[in-house]
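Asks: Would you mind keeping the following structure in view while I ask a few things?
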Ligand SMILES: [Zn+2]
């Protein structure tokens, strides 16, 4: 169906008022509105010499895609006149008239349609862009999407107060670029293809208005900033400072870890002894529980003897000597030294089956019979008899239907329950507990986890751990506090302890002391840059790492949504 009509002047005024064109005809065909228009005015300026001309030589139609109207695509057929340049000195003989408000030279879309496309193509991949452009009735190909993005101008900001600079991996461990972020707006301003001084110095030299630069602890950026912007204040990143100290603490614990294990074991055993003594005292008051009291006092005697034996062994006495002094059989002494505290004998031990619930559920899903289940669980540390397990299992899974032939045909992947060896958390976890006193405390109830309780006891008992925790907390408070004089005192204190790794951290601080003190004084942070590096990684992955540098640069700096 073809509809031809003279356009409504009010509608034209509403939709196309800004353009110096006159729409003289309108056609609707297959969901496409075609507007026939011509540029108003009898004259046109030569783009080369800017001399006006009214000498028309020929004409042609130029088709431009515009923004869609309702569900219809809109095409403008623009009647273009070719003028002869009347300037005898001008190189151009013939030129086409231009309408800069409407479109740019050689473009196949109106300026507003291009702008609209650019705004969403910058946020998504070119394939998605091509798909959505078809849905929106301004169809373009994926290659055109890329061309549009590459034609976008980079933002120009000449009024920078504070910037953040950091590196990003083009290929991890191989080559790196730099990202520069406006710290006031949090928006990336530019990407550099390199992180070495040369290009960074060149970029910074063009922005002498910058007063503050936040950076990580890398020396290459420090020297580049000093060279290009000697007047700017450099601010070290607070996150990296705290992290570096955390790493130093972890390394320090690593050096002492085997010794700490020993100490922790002794402390743990002493606490256990105290606990059982307490039980006895309580039991003594309980007249009705005579039997229990007797059993426990035997245990206490045994434990006390064990400690006596262990102490004598440590003091260098041999087994015969210990046997004579403690009036104990030599075999008993050997047994005590090998196996530690004998376990308390009680009439019934409550087994925590829920500890193995993940494995049990897994085997339930495989329809394995309870006997085979018990065998598997026993292999990973369940300590009870089969009868008590099946009794518990039948209550918990009362309508369980297993297959008898599914006994042990399939090898089960069962993870061992995590148990702390030697009464101390693993190295990394210990350093987390140590540096974050809130770790292991439930936010809603304020309840402490068992691990946290043990670590707190260790911190109270072991001077090395308590001094490391104090160092960390004090350092963090100084960074938050805004008083840089305290830093010198902190460094002095930290170095007086005489720990190798902490000493090395302090020497690092001293080398970069001005930037570190600036980090305490000023509120500017490099966190925004770190966030933008994450955005950049996201963009890189979105393009499967195949995009060129210029495309990535625009995608990162011009995208609004991240
Ligand atoms: Zn000319």
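Asks: Could you list, in sequence order, all residues of segment 36-46 that are within 13 Å of the ligand (Cβ to nearest atom) and buried (at least 17 other Cβ atoms within 10 Å of the Cβ)?
Replies: Hits for segment 36-46 are 44, 46.
Asks: So, one more: Can you go through 529, 560 and tell me which one is in a loop (DSSP other than H, G, I, E, B) and under 26 Å from residue 156 (Cβ atoms)? If you could, list the steps in order and put the result at the bottom.
Replies: Values: 529 fails: in a loop (DSSP other than H, G, I, E, B).
Every option except 560 fails the conditions.
Asks: Only one of 93, 109 is farther than 29 Å from residue 558 by Cβ and at pLDDT 90 or above; which?
Replies: Values: 109 fails: farther than 29 Å from residue 558 by Cβ.
Exactly one residue qualifies, and that residue is 93.
Asks: Something else: Across segment 536-550, what is the total count of residues that are buried (at least 17 other Cβ atoms within 10 Å of the Cβ) and in contact with a strand residue (DSSP E or B) (Cβ under 8 Å, 6 or more places away or on another chain)?
Replies: Summing the residues that are buried (at least 17 other Cβ atoms within 10 Å of the Cβ) and in contact with a strand residue (DSSP E or B) (Cβ under 8 Å, 6 or more places away or on another chain) in segment 536-550 gives 1.
Asks: Which number in (1) surrounded by fewer than 16 Cβ atoms within 10 Å (Cβ to Cβ); (2) within 23 Å of residue 239 (Cβ to Cβ); (3) in contact (Cβ under 8 Å) with a residue 40 or more places away in the chain marks the one condition that residue 472 misses?
Replies: (1)
Asks: Quick check: is even one residue across segment 124-132 out of contact with any helix residue (DSSP H, G or I) (no Cβ under 9 Å at 6 or more places or on another chain), in contact (Cβ under 8 Å) with a residue 12 or more places away in the chain and farther than 20 Å from residue 536 by Cβ?
Replies: No, segment 124-132 contains no residue that is out of contact with any helix residue (DSSP H, G or I) (no Cβ under 9 Å at 6 or more places or on another chain), in contact (Cβ under 8 Å) with a residue 12 or more places away in the chain and farther than 20 Å from residue 536 by Cβ.
Asks: If you don't mind, there's one more thing I want to ask. Since residue 558 meets every condition but one in (1) at pLDDT 85 or above; (2) over 22 Å from residue 164 (Cβ atoms), which condition does it not meet?
Replies: All conditions pass for residue 558, except number (2).
Asks: What single numbered condition from (1) at pLDDT below 80; (2) assigned to a helix (DSSP H, G or I) fails to hold for residue 401?
Replies: If we test residue 401 against (1) at pLDDT below 80; (2) assigned to a helix (DSSP H, G or I), just (2) comes out false.
The values are calculated or read from the model by the stated rules, or taken from the named source; none is laboratory data. Every value quoted in this text rests on a predicted model; they were computed, and no experiment measured them. Counting neighbours? That spans all protein chains shown, and the Cβs are built from the backbone with ideal geometry, glycine included.
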